[in-house]
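Here is the structure we will look at.
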2 protein chains.
Amino acid sequence: MRRFVIIGQKATTSPDFLLEDLAGTSGRLDVLVRALRAAMLVSHGVRRDTVAYLVLLGGPRPPKTIRFDGATVRFLRPEERNVATLIKKVLARTYEGGPFARVRDGIAVADGGLETVVADLAPGTPYVLEEGAPDVRGVELDLENAIFFAGDHLGFNAETRAAIASLGATPISIGPVSLHAEDAITIVSNETDRRAALV
Amino acid sequence: MRRFVIIGQKATTSPDFLLEDLAGTSGRLDVLVRALRAAMLVSHGVRRDTVAYLVLLGGPRPPKTIRFDGATVRFLRPEERNVATLIKKVLARTYEGGPFARVRDGIAVADGGLETVVADLAPGTPYVLEEGAPDVRGVELDLENAIFFAGDHLGFNAETRAAIASLGATPISIGPVSLHAEDAITIVSNETDRRAALV
């Protein structure tokens, strides 16, 4: 299983953002929405072997995390507004407490952040997307069970950075130009796809 | 200059699409909007050396083409609705006929399709993104003046395919998994960035 943990430093935990001004009212949840697309969707479908966590560290009741499981998720489409609407509905739902209560097919939510994600992760090899880190093309990748941690447009705060480092995550980068989180995800997924195809 | 020519087989030439249902009302202009982001935008900015053409072959008065010039374009942001709003305004403008009338800083529009784009292109080396073509990693790339042709979710129709082939475009592909047009653009741009950084 390939996993992406995408951390939004200011991304809201409230459904009270405006679809008409997603970037301006949601703590840049739009960045996470696009990263989710890159992680989960391929041409005409969903990556069934991929799980993505959106860690929301902003808004009124942080942290919260939404988990998308490609094996069972439905109605996940590439259009940004569509995904934002889905997240809005998820955040508006009441759900049982505890880690990762199911709210829809393939979608679960937890009142917790990175530590809750780490407790939920099945074993795998962690990597962290960081500018200036060694190039992914020169790094050995776990083709079966990679776990990629990615930040938003703000990168990681010190606490998150330390927590990811404590997991022993291998820092990787994606080339000479600083790109959006979604592009970085596209590039590491492509690298993993390429190597997996050669096995 | 790096150039992308992104062809929307059904993408509308009319501003009468709904921002609330972009995918459902615009002939999948959303696919082109996302491809434009991938072509033009990097972390916290615009690729100043890149020009992107969106070729609109659907809607009431096809074809039309919108040209975005990274050197001078302003207010181009990654959020999908933001870009769609910009395109809506461009399509609603009246403009002088003829090829590529300026409608805003860095944005011009023409009543024409691929042949109008080809007439507008400064010299360069054409490539076409095609599934099943030779892998971009094994193809020599023009690092100064590549011109990449990309289709939308429908690929190319026969006429477009023949027109691109007649330019002598080198077919390239981006790996073993079929991805969205925007991901393909991200991957070929990353490949070009990497090689350019080594020169």
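Annotations
- Protein heavy-atom accessible surface, 1.4 Å probe, per residue over the protein assembly as shown: 40 Å².
- Helix A:181-198 axis, angle to chain A major axis (alpha carbon atoms, nearest 10°): 50 degrees
- Measuring against 25 Å, Cα to Cα, the residue pairs A:88/B:10; A:64/A:89; B:10/B:88 contain A:88/B:10 as the ones spanning a longer distance.
- Computed Rg/Rh of the protein assembly as shown, alpha carbon atoms with Kirkwood Rh: 0.96
- Computed on the stretch A:1-96, the Cα convex hull volume stands at 92 Å³ per residue.
- Computed from Cα atoms, the angle from the helix B:29-40 axis to the main principal axis of chain B rounds to 50 degrees.
- At a threshold of 10 Å², the residues of the stretch B:27-70 that become less accessible to a 1.4 Å probe in the full protein assembly than in their chain on its own are B:28, B:34, B:37, B:41, B:42, B:43, B:44, B:47.
- Summed over both chains, the contact between B and A buries some 3200 Å² of accessible surface at a probe radius of 1.4 Å.
- Summing Lys and Arg as +1 and Asp and Glu as -1 over all other residues whose Cβ lies under 14 Å from the Cβ of residue A:27 gives a net charge of 0.
- The peptide list A:7-14, A:97-104, put in order of mean Cβ contacts within 10 Å with the highest first, becomes A:7-14, A:97-104.
- Taking the accessible area of chain B, probe 1.4 Å, and keeping the other protein chains in place, the carbon and sulfur fraction comes to 52%.
- Accessible surface of residue B:152, taken over heavy atoms with a 1.4 Å probe and every protein chain present, rounds to 20 Å².
- Relative to the dominant Cα principal axis of chain A, helix A:80-92 is inclined by about 60°.
- Net charge dipole size for the stretch A:80-199 [Lys, Arg +1 and Asp, Glu -1 on Cβ; Debye, nearest 20]: 420 debye
- Burial here means at least 30 square angstrom less accessible surface with every protein chain in place than with the chain by itself, probed at 1.4 Å; in the stretch A:149-196 the buried residues are A:153, A:176, A:177, A:178, A:179, A:180, A:183, A:186, A:187, A:190, A:193, A:194.
- For the stretch B:109-199, the ratio of Cα radius of gyration to the globular rule of thumb 2.2 N^0.38 Å stands at 1.09.
- If the convex hull is drawn through the Cα atoms of the stretch B:42-169, its volume per residue in Å³: 137 Å³
- Of interest is the spacing of the C-alpha centroids, which for the stretch B:21-48 and the stretch B:60-78 amounts to 10 Å.
The values are calculated or read from the model by the stated rules, or taken from the named source; none is laboratory data. Since we're looking at a predicted model, the values are computed, not measured. So basically every Cβ, Gly included, is an ideal-geometry build from the backbone, and we count neighbours across all protein chains shown. We work out accessible area using only protein heavy atoms, side chains counted, and drop any ligands, DNA or RNA first. Shrake-Rupley method; radii C 1.70, N 1.55, O 1.52, S 1.80 Å.
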